[in-house]
Each structure stands twice: as C-alpha cells, then as structure tokens.
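What follows is a single structure, written as structure tokens, with notes after it.
The values are calculated or read from the model by the stated rules, or taken from the named source; none is laboratory data. The structure displayed is predicted, hence computed values, not measured ones. Note that each Cβ is placed from the backbone with ideal geometry, even for glycine, and that neighbours are counted across all protein chains shown. Remember, those area values only see protein heavy atoms, side chains included, never the ligands or the DNA or RNA. Shrake-Rupley method; radii C 1.70, N 1.55, O 1.52, S 1.80 Å.
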Amino acid sequence: MMIQIKDLHKSFGQLHVLRGVSLNVEEGEVVVIIGASGSGKSTLLRCINFLEESDSGEIFVEGNHVHHTERDINMVRREVGMVFQHFNLFPHMTVLENVIEGPTQVKKMPRKKAASFAYQLLEKVGLSDKATAYPASLSGGQKQRVAIARALAMEPKIMLFDEPTSALDPELVGEVLLVMEELAREGMTMIVVTHEMWFAREAADRVIFMDEGVFLESGTPERMFTEPAEERTKEFLSKILASPNT
Amino acid sequence: MDFTKLSEFVPYFLPAAWMTLKITTLGILIGLFIGFPMAFGRLSTRKWLSLPSKGYIALIRGTPLLLQLFVVYYGLVRLVALAPLPSAALALGVHNGAYIAEIIRGAIQSINRGQMEAARSLGMTHMQAMSRVIIPQAMLRALPPLGNQFIIALKDSSLASTVTVRELVLTSRQLASSNYMMMEMLAIAAVFYLILTGLLTLLVNHWETKMSVSRA
C-alpha cells in the first residue's frame, strides 16, 4: 500500500470540509477525484502533504504512520510531489533553477548531477530548450509542465495534482494532460483532482466522486461515467459533460 | 544674489555635507540592522517574539523623531553620555528601524502564499523556504519603499543640528549668523541636499534595475 488515509476530518472554523475520508492507494494506481468545488477535494490533497493540518484521522505513507512533527512532515513531503493549480513556480529562478532547487537544497545533491537529471526531466515534459528562461516568459501550459518537472526532480513516490489544468487556457490543457498521462503509463502513483473527464477516462484506475466532505461513490471510470449509482454523481456528471470544455 | 560671492562659502559646506552623509549612512545601517530582525519578530506566530516588535514599532512610529533624538542625547546622559554624532546616528537608526521593519514585513507578506507552499511541498524547511524563495522576491519588492525611506532618513538627519552636530542645516545657520545672508546660506544647503538625494535616488534605481534585469 502506497498511501493510506483513515477517517480524515478537517474544519475551517464552522465549515466542516472533510467529514471522515478514508482512502487506500496502491503503488502505481491512478486515482482521480471529481466533485463540485467546495466538496473538499483540494483540502484532502493538501492534508496529505500537510499543507493543511487535519483535525483528526491518520495518514500512512508506505505503511509508516505520519505524525504531526516537523521531521515526519518533511519526510512525507520528499516522497510526495505536489502540482498546484497556479503552478507556483519561483519567478526569480530560471526554469532549470526551479527544477534543481529541491534536489540541491533538500537532498543536498551536487548541482551538476541535479542539473543533468533536470535536463532529462525537462526533456520528458518537452521543455529542455527553455532551461535558461524565466517563468514569466512561459505560457501557462509550459509553466505547469515545468512545475511537474520540478516535483518529479525530488523523485517522489506519489504525485498529487490539485486541479492542474483549471487555470489554463483551453488550448493549453492538452499538453499538460499528455505529460500526466505519460507519467501514469510509466507507473507513477497519482492522486489527481480534476474536471478533465478525458483524463479520468484515459488514465484513471479509479474515479472517486466527492460530495460535501465525503466519498460518495467510487469505481472504474467506465462504470462511473456510464452507470453512476448515486443521484448526486449523475447530476454532477451531466453538468460537467455538458460543458463545452470537455 | 551674487553667485560668485556665494561660491566662496561652498568650501565651508563640504565638511557639513560629509557629516550629513555620515549620520545618514550610519542611521540607515543601524536601521537595517534593527529592522530585519524586527520584521521577522513581527511576523512570528510566537508572542514573545512578535509582541516586543509590535511594541517597538508602535512606540517609534507614534512619537516624533525630534523627541527620540532628545531622549538619546539629553535623556540617556545619566546612563551613558553619547557625543552628538553617535547620538544622532543612533536616534536616526532606531527611528528608521521601525519603518524599515514595516517595509520588510509588508514585502514578505505580499509574496503569494503559493510560493511558500511550493517550497515546503518540495521538502524545504521553513528557514530554507524563507531564505531561498520568499526573501529574494520580497527584497525586490521592498527596494522602492526602502529607497524612499533612505531619502527620508537623509532629510531627517537635519534634526541632528539641534544637538550640535555640524551638518548642513547647522552650518548654514552658523554662517548666516556671522554674514547675515540667511536666505543664501539656506539655499546652498538646499542645493547640497538636492545633490545628495539625487545621488541616493540614482543608487537605488541602479540596484532596482540590477536586481530585476535577470527576470524580465
């Protein structure tokens, strides 16, 4: 078991965002979480690498219980890569510097070694020619691909994607999804929050519908998209699939 | 005004301008030295760190510089008798420290939260994220207001004239009291201030372009 979440709860003041979420993800599994905004998808991802502190519940990474200590949390973050909706590239660093920042600072990898690995990763996301560019000169799709390379540079065991294409112009969504799909095919364990049903259909092993802080139903993409059991899931899917972006 | 005659007085102003520059530089350096830790103290979630910073900033920003200068020069006499120059530099430094702290704090807070999250998600410690990601970006944003503050400090150094530091203002008044050309002496002092603030502006602009040129 790569990651195990047991009965996670999280509130923001009066707002009970996660109401007891449990999730097991196997090695190499690609889990896509769908659901309306405000259903708790992003909060769940952010709790997994402790960008938010859950109120109760337990998280295990490769069987190890992660405690709320600085040391445990930093260990988890090394193993868990995160890709954000708004990229969050470091604007004062070049593309290459962005990618080697983690390995050189956190793993204390020699700069040269980190750079040659970074070039491989940039090659993989199709941006090796942008190594010396600054993020400001890139398109949204390119920025997100750099962000993926930056996360991969830490050689994570799991990748979390928090609506990675929601901030992109429609014509730039494809290039990011293709990189993610390739990553999935290579066997990366992934948890993806997205509204891109195409990606869910192509790459997901399991689709989970989240509603009001709980997992309402889950299943293979075929079953979820063709015969959803819950009324709420049907309602959500019909809205999403009717929108012109998918 | 007889300008050829006025130029005779310029040599008297040169040491005064140098004195103004010295107080200002010392004041800014002390201000930066105090301002940085105060900014971090102010941002800390630990009360024992943030409360002293908040108190210091409130005290300094809520009282006039002239009063602070008198406190250092006349008030501290019973503890330690400081000469005029160190008194003025210290008062100016402590005064500017509060403003610099607020500038740095504002710049750090203006950096998008996502930057810290991205750095932490790579496994960086809070300290690493601050020094590698947040502060370099914050400094760029802090430069214009810092430059502004430095110019204010340069002009505020004129208050040192009240504690017998022979900087530009005191020098012009002393010369005028013997040659009865008050307006002319003040005008010369003004020209020196304009030159100094102009140079300081150029310097700050130079830093700004140098720091931002790489990420255009």
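Observations, loosely collected:
- Within segment B:174-198, the set of residues being open to solvent by 90 Å² or more (accessible area, probe 1.4 Å), in a helix (DSSP H, G or I) and at pLDDT below 95 comprises just one member, B:MET183.
- Matching helices (runs of 4 or more DSSP H) fully within segment B:44-127 where at least 2 residues are open to solvent by 60 Å² or more (accessible area, probe 1.4 Å) and among the basic types (Lys, Arg): B:47-61
- Within this structure, A:GLY102 fails the test of being of a type in the set (Gly, Ala, Ser) and surrounded by fewer than 20 Cβ atoms within 10 Å (Cβ to Cβ).
- Residue satisfying all of: in segment B:149-172; open to solvent by less than 50 Å² (accessible area, probe 1.4 Å) and within 13 Å of the chain's Cα centre (by Cα); farthest from B:TRP18 (Cα to Cα) among these: B:GLN149
- Screening B:LEU146, B:LEU175 for residues that are more than 17 Å from the chain's Cα centre (by Cα), touching a residue at least 24 places away in the same chain (Cβ under 8 Å) and more than 14 Å from chain A (Cβ to nearest Cβ) leaves exactly one candidate, B:LEU175.
- Boolean, A:LEU122 is among the aliphatic types (A, V, I, L, M) and out of contact with any Phe, Trp or Tyr (no Cβ under 9 Å at 6 or more places or on another chain): yes
- Screening segment A:62-84 for residues that are in a strand (DSSP E or B) and at pLDDT 90 or above and picking the one that is nearest to the other protein chains (Cβ to nearest Cβ) gives A:MET82.
- Checking each residue in segment B:144-203 for being under 26 Å from B:ILE100 (Cβ atoms) and of a type in the set (Lys, Arg) picks out only B:LYS155.
- The set of residues in segment A:85-102 that are farther than 17 Å from A:GLY141 by Cα and either among the hydroxyl-bearing types (Ser, Thr, Tyr) or within 9 Å of another protein chain (Cβ to nearest Cβ) (or both) comprises A:HIS92, A:MET93, A:GLU101, A:GLY102.
- No other residue among A:THR194, A:THR220, A:THR165, A:THR189 is away from every other protein chain (no Cβ under 14 Å), open to solvent by less than 10 Å² (accessible area, probe 1.4 Å) and either over 30 Å from A:HIS16 (Cα atoms) or in contact with a Lys or Arg (Cβ under 8 Å, 6 or more places away or on another chain) (or both) apart from A:THR189.
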